[in-house]
Structure formats: C-alpha cells, structure tokens
1. Which whole-number percent is the relative contact order of the chain (Cα, under 8 Å, 6+ apart)?
2. Residue-wise, which Karplus ³J(HN,Hα) couplings in Hz belong to region 53-69, taking 6.51 cos²θ - 1.76 cosθ + 1.60, θ = phi - 60°, and x for glycine or proline?
3. At 0.36 nm per residue, minus the direct Cα-Cα distance, what do Glu166 and Phe265 gain on full extension? Give it in nm, one decimal, please.
4. Pop a pseudo-label 7 angstrom from the Cα along the beta-carbon direction at both Leu21 and Ser155 and give the gap in nm to one decimal.
5. Calculate, in nm to one decimal, what Glu255 and Arg101 gain on full extension: separation in residues at 0.36 nm each, minus their alpha carbon distance.
6. Under 10 Å, Cα contacts only: if you run a Gaussian network model on the chain, which one of Glu128, Glu156, Glu245 comes out with the highest mean-square fluctuation?
7. Ignoring ligands, DNA and RNA, please state the percent of accessible area on region 253-319 from carbon and sulfur, probe 1.4 Å.
8. Going by average Cβ neighbours within 10 Å, how do the peptides 314-324, 90-100, 175-185 rank, with the highest at the top?
Amino acid sequence: MPEDYGRLMEEFGIRSFSELLPRIPSPHKLMRRGIIFGHRDFESILEAMERGQPYAVMTGLMPSGPMHLGHKMVIDELKWFQERGAEIFLCVADVEAQLMRGLTPEETERMAIEEYLSNYLALGLRVERCHLYFQSRNRLVKDFALTLGTRVNLSELRAIYGFGGESKISHIFYPLIDVSDILHVQLREFGGPKPTVVPVGVDQDPHLRLARDLASRVGLVPPSSLYHRLMRGLLGEKMSSSRPETAILLRDSPEEVRRKLWDAFTGGRPTEREQRELGGDPSKCVVFELLAYHLVEDDAELAGIAEACRRGEIICGECKHRTAERLEGFLESCRRERERMLPKAGELAKASF
Ligand code: SF4
C-alpha cells in the first residue's frame, strides 16, 4: 500500500478492509485485490446485509468530462451492492459542475445522459431501480442543506476545508450540499434512519467526516465509507478527464486504445534482453492495473500474468498487445450497449427528480 494511504488511514481512523473479507460472501474483485483498501464503520453495512435489513449506498457523478475507466470502478461496485439488496442513490452533481467548472445546465444534462447514465446502463447497473436525481431539481436536498447549515459554524468548515478570507461563499456552502446528498437518504421520505455507505477516494474524506459529525447532531446514523486506491493515469501520474491521454475513455476508438497503451508507463526494463533476464515489476505497471481493476476476473489468471512478468516470460510489447485486445473487446461491447441504452438513459433523466 502506498505510504500516503497508510498515513491517511492512521491520521483519520480509516481501518483496513482486508480484515472484513472473511465475513463477506463472494467479495467483489476490487475487495479481494485490495483495491478497496479501507473502510470506516462498514460493519454496520455488513450487519444490515446479514440480517436482511435496509441499507443504502450513496454516490454521485459529476457531468463535467468524459467517462473513463476510473469512473467505471464505482459502477462495478454499485452493481455488486445492487445484487445484494442495497437501495442505491445516484446524484447527478450538475450544480457542482456548473458552479465549479462553469458549464451550462444544457451541457451538464447532455453529458449526464450521453457520457454517464447510458454507460451505467451499458455496464449493467439497473439505473431504473436507483433513486436517480439531479442536484438542481432536488428541493429536498437543498432544504436539508439549509437545515444542516444551522448545525455547523464557519470555524469548523475552515478547519476541515481550509477556507480563507478570499473563499467564494458558494464554495463555502457547497460542502453542505454534499453532506445533504449523503444524509438525505435517511430522511422520513426515504424510510428514515438507516446504515448508508459511500464509496470514496481518500481525497473526499473531509465530506465524510463532516457528514458523520452532522449526522450525530441531527439524529441520523453516521454514514460508513469505503476507500479505493485510485487508478493511476496511463503515464504514471494522476488520471484526469481533462487530460484524455492519461485515461482510457469509454468512447476511445481501437486506434486510440493502442496508441495510449503503447505510451503507457510499465514496470518493464529498458531492453528486451534485460527484461528476459531480470523480469518486470507488475506492481509498478499501469498496464497491469488495467488488467487487475477491469479486464481479468479470475484471480489465478491474474496471478499467472504477474508471475510471467516477474520471470521475464512475457515482455511489455506483447503484454500491451494482449491487453489492447481485451480492452478493445470490452469497449466495443460497451459502445454497442451504450447506443442501445441511450434513449432509456434520456427517459430516466427526464423522469428523475
Ligand atoms: Fe507490465 Fe506486462 Fe510489462 Fe509486466 S510485462 S511490466 S505487466 S506491461
């Protein structure tokens, strides 16, 4: 585990997820492979699952850029929870995209439908069974954010988010909308207090800490959270929708996939001879990450690829070629399904509240 994840876990009381694995029947591959590495209070979700009691999963999408494989991870996880009886709340953070990225309402709606909801359906999430809502239309979330605002002061928000005298008021208020998104699923309108889990990256932990504090102040159950290792960008840095060369987009053509993979950062050696002699290092390799996070379901097969890499039995060019074939097959079937699902995505967006 990267050092900074270990430090964050210690600093903010995030616990190791692996200790819970024996309690989870058929854990998802993201769980088995340590990609979901940490949790806060996930036991309350497990208890609800074991007892057949209601529980919720809350997540959001920001319609401000194209969907990439990093976004797909959360959808895979939502499907796993949906198959296990979770009530899923899906927030389209269109207000956030408009405030923070300067997009128009028309742009955010189009992107939500064409880039996200149609892909979610294509990936097998039953969006029609989720509570889907757009932040701009959800009066309940906005009203509840105002109520939550009466239970927190500026010093607390400053301590969590580091706001200064130059901070825009909308940026200061926005965390309350985020917290309201997380907590409103426990309001009377949705059946009252219940365990809720929010899958997040560690960078979103401040919202979770604020949500847990505020939940206790308004008589709700403090939400649980799951923490993911983020996929690295293809060039070894952070993946970003605004830098398409760092990520595999769900719309990438076969040519784009090959070009991006060819330039991708690997754990290989400078020459073929050295790699045959000394082997590669899959733990440093973003191509191996693509296989582990998305393209290989079977753990034994994945372990076989890692071993072949370490022994120098496979070299990077060949490995990239095989990975590109898998990826192209996946993206092609995703493209076909996305096109088929586009009208349904539009209808669901229109019918959402
Ligand atoms: Fe990565 Fe494959 Fe090269 Fe190993 S052989 S370093 S897994 S690209």
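1. Relative contact order comes out at 20 percent.
2. 9, x, 8, 10, 10, 10, 8, x, 10, 9, x, 10, x, x, 6, 10, 5
3. 31.7 nm
4. Here the modelled spin labels are 4.5 nm apart.
5. In short, 52.5 nm is gained.
6. Result for the chain, Cα springs under 10 Å: Glu156 fluctuates most.
7. Looking at region 253-319 in its full context, I get 53 percent from C and S.
8. So the peptides 314-324, 90-100, 175-185, ranked by packing, come out 175-185, 90-100, 314-324.
The values are calculated or read from the model by the stated rules, or taken from the named source; none is laboratory data. Source: prediction; values computed, not measured. Cβ coordinates were reconstructed from backbone atoms using ideal geometry, including for glycine residues, and neighbour counts include every protein chain displayed. Remember, those area values only see protein heavy atoms, side chains included, never the ligands or the DNA or RNA. Shrake-Rupley method; radii C 1.70, N 1.55, O 1.52, S 1.80 Å.
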